[in-house]
Amino acid sequence: MAITVALLDADPVRGQRVAHAVNRSSGFHCTGLFSTLAEAMRAFRRGAPDVALVDDTFMQLTGLDQLARLKAIVPTLEIVVLHDPLVTDRLVEAITWGVSGCVAKSASIADLLLALEEVVRGGSPLGGQVARKLVECVQHRAANHSSTDLLSLREREILEFLVRGYPYKQIADALTLSIDTVRTYVRRLYSKLNVRSRAHAILKCHSPMFVAADRDLLRDPLLTKQPVNRRAAPAMG
């Protein structure tokens, strides 16, 4: 069964070039090229691909919080970013929002396809520079792990949802709270952690998994969908 790939790129010429290369490769099929997130969401509700291959410029224009909505619509979707090899800081933040892997735009089509195969099989292709940045961030978070001790149980539950990329409305629904109450809790935990954004909170500390949060998450209908039955394509020679 072919690995299905959707391209998200605001530049149609560049996107068509990548789409053509994917379709010419055995074991892969490009399901569509989308220049806006709204177009992709409509298409994914009808039938989602295995992988969304997102250009880093598209990611920046769209915003990481909006990109995370794709994961909310299709939890089984893998997101891989095509990026400028000289820009890696933003990619580490993207990983905290649900991106599964990163491939440099300078990579060959063979390396790109290998990365797509790897992510479908459960791996996380990153590349040396991005992996190094990620290691540095994890080390920094480990040094600040005690920051979560300042949080109440409810604040830690909400932090766990933020780590998973959920918007305030879904957090409110899962915890049976109002959106305003969620916002209040978020402001409090940001103040305690001395951060200003979701991404900074995630990067600053390891967020422990709590039984109560897992229980609420399991009631979320987005997480009760049956996973897509996928079979990885054979490795390319």
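The values are calculated or read from the model by the stated rules, or taken from the named source; none is laboratory data. Predicted model, so just to flag it, every value in this text is computed and none were measured. Counting neighbours? That spans all protein chains shown, and the Cβs are built from the backbone with ideal geometry, glycine included.
Residues that are surrounded by 14 or more Cβ atoms within 10 Å (Cβ to Cβ) and either over 14 Å from ALA2 (Cβ atoms) or over 20 Å from the mean Cα position of the chain (by Cα) (or both) within the stretch 40-56 comprise ALA40, MET41, ALA43, PHE44, ALA48, ALA52, LEU53, VAL54, ASP55, ASP56, listed in sequence order. Name the helices (runs of 4 or more DSSP H) wholly within the stretch 124-182 that hold at least 2 residues that are at pLDDT 80 or above and on the phi < 0 side of the Ramachandran plot? Hits in the stretch 124-182: 153-163, 168-175. Taken over the stretch 187-200, the criterion of being assigned to a helix (DSSP H, G or I), modelled with pLDDT of 75 or more and not polar (S, T, N, Q) is satisfied by ARG187, ARG188, LEU189, TYR190, LYS192, LEU193.
Within the stretch 17-29, the set of residues being aromatic (Phe, Trp, Tyr) and either within 21 Å of the chain's Cα centre (by Cα) or in a helix (DSSP H, G or I) (or both) is empty.
Among the criteria (1) surrounded by fewer than 22 Cβ atoms within 10 Å (Cβ to Cβ); (2) at pLDDT 90 or above, the one MET1 does not fulfil is (2).
Per-residue answers, yes or no, for (1) of a type in the set (A, V, I, L, M); (2) touching a strand residue (DSSP E or B) at 6+ places or on another chain (Cβ under 8 Å); (3) without any contact (Cβ under 8 Å) to a residue 12 or more places away in the chain; (4) not in a helix (DSSP H, G or I):
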{"residue": "THR4", "(1), (2), (3), (4)": "no, yes, no, yes"}
{"residue": "VAL13", "(1), (2), (3), (4)": "yes, no, yes, no"}
{"residue": "THR31", "(1), (2), (3), (4)": "no, yes, no, yes"}
{"residue": "MET41", "(1), (2), (3), (4)": "yes, no, no, no"}
